[in-house]
Amino acid sequence: MAPITKILIPVDGSEAALAAYRLALEAARALAAEVILLYVVDVSALDEIVRLSGRERPHLMHEMEDSGMKLLQSLSQEAGQQGVAARVEIKSG
């Protein structure tokens, strides 16, 4: 079997996602694997917020991406402090 070299960790800031992140980080450290931290902006939720709030979609999308990036940077820094290489990705869908 090929060694595990990368672990994808989707995060959304929820307690469940953060608990999963910590478990995956332990596995990555044990396997000397890189982690890929993924934050997805849910466009269906975004569209609903736009509809209900009347806010402009591009502005709200930018805010959600910024919020996601702050979370990813914080988790990436924590991973680095624990000796785990990390990269971050934001997607929308």
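Working from label points 7 Å from Cα in the Cα-to-Cβ sense, the GLU63 to ALA20 distance is 2.6 nm. Mean residue ellipticity at 222 nm, helices only, the chain: -19000 deg cm²/dmol; runs of at least 4 DSSP H residues each add -39,500 (n - 2.57), and the sum is divided by the number of residues. For the chain, the Cβ-based charge dipole about the Cα centre amounts to some 220 debye (Lys, Arg positive; Asp, Glu negative; other atoms uncharged). In plain terms, the bigger the Kirkwood radius, the slower the diffusion; for segment 41-93, with that radius from Cα pairs, at 25 °C and 0.890 mPa s, Stokes-Einstein puts D at 199 µm²/s.
On full extension, the segment bounded by LYS70 and SER53 gains 3.8 nm, given 0.36 nm per residue less the C-alpha separation. Here the scattering of the chain is modelled by Debye summation over its C-alpha atoms, one equal scatterer each and no solvent; at q = 0.17, 0.21 Å⁻¹ the log10 of I(q)/I(0) is -0.72, -0.96.
Peptides 84-92, 55-63 ranked from most to least packed give 84-92, 55-63, packing being the mean of other C-beta atoms within 10 angstrom over each peptide's residues.
What is the packing order of peptides 24-31, 76-83, taking the mean over residues of other C-beta atoms within 10 Å and listing the highest first?
Ranked from most to least packed, the peptides come out as 24-31, 76-83.
A short reminder: the numbers here are calculations on the coordinates, not readings from a lab. It should be emphasised that the depicted structure is a prediction, and the values quoted were computed from it without experimental measurement. Here Cβ is always computed from backbone atoms with ideal geometry, including for glycine, and neighbour counts include all displayed protein chains.
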